[in-house]
Amino acid sequence: DTLRRKTTPDLFLEAVSHLQLRQYRQAIARLEEAQRQNQAFVNPLFAPEIEYYLAMALLGDDQHDRATTLLRQIQQNPRHPYHGFVSD
């Protein structure tokens, strides 16, 4: 949290730490920031991981509608690395 400028990997790792501590809103904020940063890249960093962990953080924060939308996107994409983690 002390870095002045955070890269996408920094934000992702910070978000996962917040998720582990069940600090869901902080995790959501960092993951959404990482997604915004990724929009500037041709090859986004950690994009599938960010999607999956954002869905998990949203579930933890009782934002079921948003989480369900993300999980459906993952489930409908057989090439998504987390496809096998999402079921009906």
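The values are calculated or read from the model by the stated rules, or taken from the named source; none is laboratory data. Computed from a predicted model, the values in this text were never measured in an experiment. Heavy atoms of the whole protein, side chains included, go into the accessibility calculation; ligands, DNA and RNA do not. Shrake-Rupley method; radii C 1.70, N 1.55, O 1.52, S 1.80 Å.
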_For the full complex of protein chains and a 1.4 angstrom probe, list 8, 68, 2 by accessible area with the highest value first._
2, 68, 8
*Leaving out ligands, DNA and RNA but keeping every protein chain, what accessible area does residue 12 have, in Å² rounded to the nearest 10, with a 1.4 Å probe?*
20 Å²
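On average, how much accessible surface per residue is there in the stretch 31-88, in Å², for a 1.4 Å probe, leaving out ligands, DNA and RNA? Each step should come with its number before you reach the end.
Numbers: 3860 Å² over 58 residues.
Per residue, the stretch 31-88 has 67 Å² of solvent-accessible surface.
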*In degrees, nearest ten, helix 24-38 long axis to first principal axis of the chain (Cα)*: 80 degrees
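Give me the extension gain from residue 4 to residue 73: residue separation times 0.36 nm, minus the current Cα-Cα distance, reported in nm with one decimal.
Details: separation 69, 0.36 × 69 = 24.84 nm, distance 3.33 nm.
Gain in length upon complete extension: 21.5 nm.
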*Solvent exposure ordering (accessible area, 1.4 Å, most first) of 36, 30, 22*: 22, 36, 30
